[in-house]
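Have a look at the structure below, then the notes.
The values are calculated or read from the model by the stated rules, or taken from the named source; none is laboratory data. From a predicted model like this one, the values you see are computed outputs, not experimental measurements. Cβ atoms come from the backbone with ideal geometry, glycine included; neighbour counts cover every protein chain shown. These area figures cover heavy atoms from the full protein model, side chains too; ligands, DNA and RNA do not enter into them. Shrake-Rupley method; radii C 1.70, N 1.55, O 1.52, S 1.80 Å.
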Amino acid sequence: MDASQIIFFLSAALILVSALFVVTARNLVHAALWLIATLFGVAVLYVLLEAGFLAVVQVVVYIGAIAILFIFAVMLTRRDLLSQSSQTNANWPVALGVSALSLAAIAFIARGFGFSLDRPLAPVPTDSLERLGQALVSPQQFVLPFEVASVLLVAALVGAVYVAMNKK
Amino acid sequence: MNFWTDPIKVIYDWLMITLTGWGMSGWLADVLINLLGIIVLITAAMVLDILLVWVERKVVARFQDRLGPNRVGPFGLFQPFPDIIKLIIKEDITPAGADKVVFNLAPILSLASVIFLWAVIPLAANVYGVDLNVALLYLVAAGAIGTLSIIMAGWASNNKYALLGAYRMVAVMISYEIPMIVALLIPTLLAGTMSMKGITLAQQDGLWFVVLSPLGMLLFLVAAIAELGRAPFDLSEGESEIVSGFHIEYSGMKFGLFYAGELLHAFTFGAFVGILFFGGWNWPLPWGDKYPLIGIFNVLAKGMFFYWVIMWVKYTVPRLRIDHMLAFNWKFLTPLAFALLIVTAVVHAIFKDLPLWAYGLAMFLSNILLGWAVLEILRSNARQERAAEETPAPAAQH
Amino acid sequence: MQNPWVYLGLFLLVGIIIPIVPIAFSALIAPRKPNPIKQSTYECGIETVGESWVQFKAQYYVFALVFLIFDVETVFLFPWALALNAQNPAVLPAFIAIEGVIFILILVAGLVYTWRKGLLEWA
């Protein structure tokens, strides 16, 4: 077992344990903080995959924006933050079924990969970031998805604005 | 290669030979030496932080026509040490209803988020923690940890003032992150890399980015001041209304960590302005690129200068109200940032293969033109607002 | 060290530990004499009324939402900015610049919409 495997097991353990705390924490802000630990663990996994850009983006977007949004939502929508509400509602059997199905689907897909430790690592080009940029702008590749991403995000913004206006 | 041209490599090699000579395996020695280097770098940053306490107090005193600390040591230079001793031996009070774990974690994360930034600062051509190819986004990511620490502090204190201060501070920090990221995109675009070392080298070979994009520099400085939560953007503290905001319940060393973090953060962003827009290790002393000690001096001197500029703004401009603050960002700074990015990208793409003087002139003039257009728009807006204010006034007299 | 991320991992670890040192030191030598008055919530000497974890203005949430959208958008712009300077670009740099400009303009349209709908006003 080499160092990267140890780091992988540590971060996987961090992800699983903190994910468990996310669903079991009684205090909603604690749940959000545990979620941040989970997301940080995912960033470490990206580093192990030599995707440094994605790791940093994971921290910037998920911890810097989405987690903060969650905490704001929790703090601003609940009248009483200490309320120890029940952690489940009447739909829990359905949720259990859906989760079990997703797990089965992931297991089914993963079975086909044939994981092996002997497989050689794909070389990561040193200018991978620049290549990503090239791929995003070249017409043969992803320029249309690149522009559509902007439209999609603006659509999300318009939706958020609409919801926020109705609330007011 | 000798000590004066590449000190880190010389020390590294010497330690490597010594440690492996003791029978230590190569990779363990490598990790240990790097660990030592990290501890030295962070300790140096902390020592600098202690000095900054004195600088801050002395400079604010001069701005306010006072003397400042002048009793302990020459020019009061040793004043920070009694300050620290006082903070350490002070009783640490945790309010009864506080969430203890989060309450204790917040100041640690607050200072740590600033220390993290020092990993990517290129102090000289071959003296730096790590040359990350995503250094500029890493800077934003470290800022995200800082934002998190503030919301944790505000929430865990179980205090209405603290919570309100944290809300305000976080609203300001996340809002101003947009112009900040766009301002970081400009050096990325000009240098074609996100590594801080690469950006400095691009300025060493070409023109300083402050010449190519003076508006970008101003944008970064303003966004950085907001990100730091310093006046005029310090409404999170607002001592007259919410008594220092998110760190109201902190005392002793935990308060000290917030304070130390704030000062070091300001200095670090000053250094970033120097590195990203003013050529990093290249000026004012010559040969900064050849002799690292001169380079380190240059970077720190620029950091200190922009730290002083940030202080100058802090002690000159009055505090803004939260609505003005957010309006200033979303209705002025963000549109301006995107306009600047568009202009920079187009002009850069068209002129980048021309001779340096033509390219530099085109970039500089486009910036000036954009700045002038913005000022005209602001002026006409102000004229309209004044007219709207003045017209109903005579009617009211009847 | 060969891999910059290993170095960064070590740096983050030390960076977390160093701020703990003064707190731990202070916890060892500072006095600790808690009493109910000392530990009460500080509100300038006035008794705290009701719960401290109360709901504040919901508009902070709106700004966080708008911020989130822009944050995601800017992440796309970093690879674009790098592509603009590539040694052998797939298309002319001017075209790359224009692609980015279209992306930014769509984004600015979203900002204008939010502005026109009055969501940026602090009501």
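Taking only the C-alpha atoms of the stretch B:260-334, the Rg (one decimal) and the largest Cα-Cα distance, Dmax (whole number), read 15.8, 49 Å. Take the Cα pairs of the stretch A:128-168, get the Kirkwood Rh, then feed it into Stokes-Einstein at 25 °C and 0.890 mPa s and tell me D in µm²/s. Calculated translational D: 207 µm²/s. For peptide A:31-39, the mean count of partner chain Cβ atoms within 10 Å of a residue's Cβ comes to 2.
Near B:Ala191, once Lys and Arg are set to +1 and Asp and Glu to -1 for all other residues with Cβ below 13 Å from its Cβ, the sum equals 0.
Be a star and scan the stretch B:82-105 for residues whose amide nitrogen sits under 11 Å from the point 7 Å along the Cα-to-Cβ vector of C:Arg32. Under cut-off, by backbone N: B:92-94.
What separates the Cα centres of the stretch B:128-154 and the stretch B:327-398 is a distance of 30 Å.
A Förster radius of 41 Å combined with the Cβ-Cβ distance from B:Asn381 to A:Leu152 puts the calculated FRET efficiency at roughly 0.80.
Rg and Dmax over the alpha-carbon atoms of the stretch B:273-398 stand at 21.4, 77 Å. For chain A, the relative contact order comes to 15 percent (Cα pairs under 8 Å, sequence separation of at least 6).
For the stretch B:175-240, the equivalent ellipsoid derived from the Cα gyration tensor has semi-axes of 29, 11, 9 Å, listed largest first.
With both labels modelled 7 Å from their Cα along Cα-to-Cβ, the A:Leu16 to C:Phe25 distance reads 4.0 nm. Since only A:Leu49, A:Leu10, A:Gln134 are under comparison, the one whose Cα sits farthest along the positive direction of the charge dipole of chain A, derived from C-beta charges on Lys, Arg, Asp and Glu, is A:Leu10.
For the pair A:Ile6 and B:Asp323, how long in nm is the line joining their label points, each one 7 Å along Cα→Cβ? The two pseudo-label positions are separated by 5.8 nm.
May I ask you to derive the relative contact order of chain B, considering only C-alpha pairs under 8 Å and at least 6 residues apart, and to give it as an integer percent? It comes to 19 percent, rounded to a whole number. A compact globular protein would have a Cα radius of gyration near 2.2 N^0.38 Å; the ratio found for the stretch B:116-199 is 1.34. Evaluating 6.51 cos²θ - 1.76 cosθ + 1.60 at θ = phi - 60° for every residue in the stretch B:35-42, the Karplus couplings come out as 4, 4, x, 4, 5, 4, 4, 5 Hz, glycine and proline recorded as x.
Buried between C and B is an accessible area of approximately 6800 Å², summed over both sides with a 1.4 Å probe. Between rounded, prolate and oblate, where does the stretch B:131-248 land on the alpha carbon gyration tensor, with a ≥ b ≥ c its root eigenvalues, rounded for a/c under 1.5, else prolate if a/b exceeds b/c? It is prolate, given that a/c is not under 1.5 and a/b is the larger ratio.
Computed with a 1.4 Å probe over protein heavy atoms only, the accessible area of B:Arg319 comes to about 80 Å².
Helices in the protein assembly as shown, meaning DSSP H runs of at least 4 residues, each add -39500 (n - 2.57). Divided by all residues, the mean residue ellipticity at 222 nm is -23000 deg cm²/dmol. A straight chain from B:Phe351 to B:Thr391 at 0.36 nm per residue would run longer than the Cα-Cα distance by 9.6 nm. Projected over all directions and averaged, the alpha-carbon convex hull of the stretch B:1-142 occupies 14.4 nm². Among B:Pro82, B:Pro335, B:Pro187, the residue with the largest mean-square fluctuation in a Gaussian network model of chain B, with springs joining Cα atoms closer than 10 Å, is B:Pro82. Protein heavy-atom accessible surface, 1.4 Å probe, per residue over the protein assembly as shown: 47 Å². Placing R0 at 60 angstrom, the Cβ-Cβ distance between C:Phe95 and B:Ile11 gives a FRET efficiency of 0.80 after rounding to 0.05.
Over the stretch B:89-161, Cα pairs under 8 Å with separation of 6+ residues give a relative contact order of 48 percent. Entry note: chain C has Rg to Rh equal to 1.20, where both radii use alpha-carbon atoms and Rh is the Kirkwood radius. When the P(r) of chain A is calculated, the portion above 19 Å amounts to 74% of the C-alpha pairs. Karplus-based coupling profile of the stretch B:320-330, in residue order and whole Hz: 8, 8, 4, 5, 5, 4, 6, 5, 4, 6, 7, with θ = phi - 60° in 6.51 cos²θ - 1.76 cosθ + 1.60 and x standing for Gly or Pro.
Three semi-axes describe the equivalent ellipsoid of the stretch B:1-85; taken as square roots of 5 times the Cα gyration tensor eigenvalues and ordered largest first, they are 42, 14, 10 Å. Take each residue of peptide A:40-50, count the partner chain Cβ atoms within 10 Å of its Cβ, and average: the result is 1. Think of each Lys and Arg Cβ as +1 and each Asp and Glu Cβ as -1; about the Cα centre, that makes the dipole of the protein assembly as shown roughly 1020 debye.
Remark: the Cα gyration tensor places the protein assembly as shown in the rounded category, a/c being less than 1.5. Considering only B:Ala112, B:Ser175, B:Phe297, the residue lying farthest towards the positive end of the dipole of chain B is B:Phe297, judged by Cα position with unit charges set on Cβ. About its Cα centre, the dipole of chain B is roughly 500 debye, where the only charges are +1 on Lys and Arg Cβ and -1 on Asp and Glu Cβ.
Ignoring any ligand, DNA or RNA, what whole percent of the accessible area of the protein assembly as shown comes from carbon and sulfur when the probe is 1.4 angstrom? Summing carbon and sulfur atoms, their accessible area is 71 percent of the total for the protein assembly as shown.
If the chain linking A:Ile106 and A:Tyr162 were pulled fully straight, counting 0.36 nm for each residue of separation and taking away their Cα-Cα distance, it would gain 16.6 nm. Restricted to Cα atoms, chain B shows a radius of gyration and a Dmax of 23.5, 97 angstrom. Between chain C and chain A, roughly 4100 Å² of accessible surface gets buried, counting both sides and using a 1.4 Å probe. Working note: Karplus 6.51/-1.76/1.60 with θ = phi - 60° gives the stretch B:365-373 the couplings 5, 5, 5, 4, 4, 4, x, 5, 4 Hz, where Gly and Pro are set to x. In the protein assembly as shown, a dipole from Cβ-located charges (positive for Lys and Arg, negative for Asp and Glu) runs towards its positive end, and of A:Trp34, B:Ser195, C:Gly15 it is A:Trp34 whose Cα lies farthest in that direction.
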